[in-house]
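Note sheet for the following structure.
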Amino acid sequence: MNNNLNINDNVYKIKGIGPKKSKSLNDLDIYTVLDLLNYYPKKYSDRRYLKKINSLVNGEVSLIECKILNVKLDSKSYNKKSGRVKIVAEDITGKISIVFFNGGYLYNSFKKGNLFTFYGEVSKAYGKTLAFKHQMINPSYALSGSEGDVRSIMPVYQTGKHLHQGDIKKWIKAGLNLDEQLTEWIPGSLIEKNNMCDIKYALNNIHYPKDETSIKAAKYRLIYGQFLKYKLSNIYKEMENKQCTNSKIEDILIDEFVSSLEFTLTKGQVDAISELETDLISEEPMNRLLQGDVGCGKTVVAEALLYKVVKSGHQAAYMAPTEILATQLYNNISKDFESFDINIELLTSSIKGKQKAEILDNIKDGKVDLLIGTHSLIQNNVVFNDLMLVITDEQHRFGVNQRKTLKEKGYCPNVLVMTATPIPRTLAATVYGNLDFTVIKTMPKGRKNIITTVTDELSKEKAYISLEKELKLGHQGYVVAPLIDESENLDLNSASEIYDELKIKFSEFKLGLLHGKLSREEKDMLMSEFLEKRIDLLVATVVIEVGIDVPNATVMLIENAERFGLAQLHQLRGRVGRSDIQSYCHLVSYGKSEISKRRMDAMKMHASGFDISEEDFRLRGPGDLNSTIQHGNDFNLDNFIRYIDILEKAGRDANDIFAKDENLTSEENRYIKDEINDVKESGFRNVL
Ligand code: ADP
Ligand code: MG
């Protein structure tokens, strides 16, 4: 009974959501009904048009309606796992083969002569089914005219633990029933000026769009809204910043640190360091973005700054997005600072009890010079004595508020954010506030281009041979898969499956399995085993994406590469080629579409993240809000660059708002302050 449900109520008030599901929703940052409405589909299934079998195109996702001619169970058992159901079906234009792998339990659902709709990717039939031109593998299906036989655009949500597609749809529908309670926070004049739909229309149509035009309008409104909110928060933050002077530190020389390094700095690193040093010794606090491609050596630049700040008697903090990365940083930096009498501590969520209390005391007393850690750094009980430098690594993973909270632990500290993502200046200004820019364009000497190959199921063996060859040379490797466990999507290879297979195939080597569901201790253990070369081959999910640095790793194989964004593939590939040894990256792609081929080609052809992001941009087209209906996940950071036009517009509008009404007191602007205070830590990721 959702009669007296309020849009700001906790999700557990929705019928059917108990403690377990509620917890799973919380893990996705969904607490209220409104949060649920802001959980956008990752893609849509366009089930509006029935296609005839003779007009199907391989690689396209289509809806067909046909009569069942024949149903066969391939395996003798009715075992859910092993049974394969093969169906021959026809419409008036031809026949098609429908195959359900691991679908033995479906056998009885299909009766000869019944009319069914099937929705899925069309591919070329093979083997004995060559008699037909096309097949569909594991499509969704429904008896014609039944409840499941939908003929409209349907949302598809990212599911999760205890969260099923059908449930999420039902809950969101319940939430949409309360759309009268939505508050429009964007000033009416801006809605009118930009010709936008209101929040009620936007949320209804992002979930259940009538057509492409309504998706486009909804997305525009939601993306604009997020950008506006961010820009407004940033301006607000900057106005506070203006009162900051006196961030000057003593100009300590860093020569001793630089000459202690095993390598000579590249020109890009030298220039970056001197630019950043100038910031440190000026009155105004540093507020800078350091951008440089994967592997260019940003960490050592950060170290030079940390050295300078700490040696001048102040404290510094270094925040990384994952525990694996924070621990690795802690280990590396401790080693590099070994001979300099610097007190370094690590703080993550698994450091607890007495140990934690002691660290916290030492931070407060100023005994800790440098604190490295994850989000744990921003907890209330972390209090610094004299925090003068805050560095965040791979900072797009952190929300505005998280960075702000850390910064507020010092009095106007210097702030450096580092990223490998190529971000144009205008975009960065809107997203991160008016940061200064430093770009490192050089790579350490002797780096060879990573040889990248693209293979499919059939030629995959070659990639494994290369993998084995590298391992035999005493090098190490990674195999990356999109998932941990077998998912509802049966044709994806999961890390644990691959791990089981490879353990047999590469029995002479030591393998490890790394994924996000492991505890921190387990992850750390694996990573240090890998670092110490007690593991030769690490099978992993994308947890290894960010920053991991194991120079002896020279080969990577990425399963289902078609599932990853180009920026993500580039980040992943950057885990190899971190020394002067020739490295290899093998992309195993099952994507059959033209776009998918061209994306893989882009990875083969380009070594630089900048080129790849340009190519990505070109392949997807700029800001065509229409184009995504078939292409899946649009709300992804990889894509943000596509909306640069909306971004710039929102940026200008935000400036206007403050120019006309600096204290946000006018009637029209009355909801803005709430929104600014309410900028969600992960809010940005939601829309992009
Ligand atoms: P990223 O910019 O991706 O964070 P890292 O800072 O992790 O890159 O550096 C990548 C690797 O290159 C590390 O192993 C680091 O020690 C090494 N490295 C950094 N600078 C140089 C250099 N000037 N010469 C040789 N190796 C370097
Ligand atoms: Mg890094």
Could you list the residues of the stretch 434-469 with an amide nitrogen less than 18 Å from a label point located 7 Å from the Cα of K267 in the Cα-to-C-beta direction? 438-447
Per the chain: cysteines with no other Cys C-beta under 4.7 angstrom? C66, C197, C296, C585
What ranking, highest mean first, results for peptides 305-314, 46-55 when packing means the other Cβ atoms within 10 Å averaged over each residue? 305-314, 46-55
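For the stretch 451-606, what D do you get in µm² per second when you plug the Kirkwood radius from alpha-carbon pairs into Stokes-Einstein at 37 °C and 0.692 mPa s? Present the calculation step by step, with values, prior to reporting the outcome.
Details: Rh = 15.5 Å.
Value of D from the Cα-based Kirkwood radius: 212 µm²/s.
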In the neighbourhood of E250 defined by beta carbon distances under 11 Å, the net charge of the other residues (Lys, Arg +1; Asp, Glu -1) is +2
How large is log10 of I(q)/I(0) for the stretch 108-236 at q = 0.16 Å⁻¹ when the intensity is taken from the Debye formula with one equal scatterer per alpha-carbon? -0.98
What is the distance in Å between the Cα centroid of the stretch 536-569 and that of the stretch 498-521? 14
Using Cα pairs under 8 angstrom and six or more residues apart, how large is the relative contact order of the chain, in percent? 14
Going by amide H atoms built from the backbone, whose H comes under 5 Å of the H on V439, apart from near neighbours? Q291
Using only DSSP helix segments of four residues or longer, with each worth -39500 (n - 2.57), what per-residue ellipticity at 222 nm results for the chain after dividing by its residue count and rounding to 500? -10500 deg cm²/dmol
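Fewest to most neighbouring Cβ within 10 Å: what's the order for C197, C244, C296?
On the way: C197 18, C244 14, C296 24.
With the sparsest Cβ surroundings first, the list reads C244, C197, C296.
Using 1/(1 + (r/R0)^6) with R0 = 22 angstrom and r between the beta carbons of L664 and K193, what's the FRET efficiency to the nearest 0.05? Walk me through the intermediate numbers first.
Details: r = 18 Å, r/R0 = 0.83.
Computed FRET efficiency for L664 and K193 comes out at 0.75.
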Quick check on packing: order 162-170, 285-293 by the mean number of other C-beta atoms within 10 Å, highest mean leading. 285-293, 162-170
Over the Cα atoms of the chain, what radius of gyration and what Dmax do you get, in Å? 27.0, 85
Given 599-610, 555-566, the highest-first ranking by average Cβ count within 10 Å works out to 555-566, 599-610
FRET efficiency, 1/(1 + (r/R0)^6) with R0 41 Å, evaluated for K237 and Y590 via beta carbons: 0.35
Sites N655 and Y49, calculated FRET efficiency, Cβ-Cβ separation with R0 60 Å, nearest 0.05: 0.85
Note to self: Kirkwood Rh of the stretch 49-151, Cα pairs, one decimal, Å, is 13.5
Spin-label point model (7 Å from Cα, Cβ direction): what's the N449 to S349 distance in nm? 4.2
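Every read-out reported here was derived from the displayed coordinates using simple, explicitly stated rules and does not represent laboratory data. All of these numbers come straight from a predicted model, not from anything done at the bench. Heads up, the Cβs are rebuilt from the backbone with ideal geometry, glycines too, and the neighbour counts pull from every protein chain shown.
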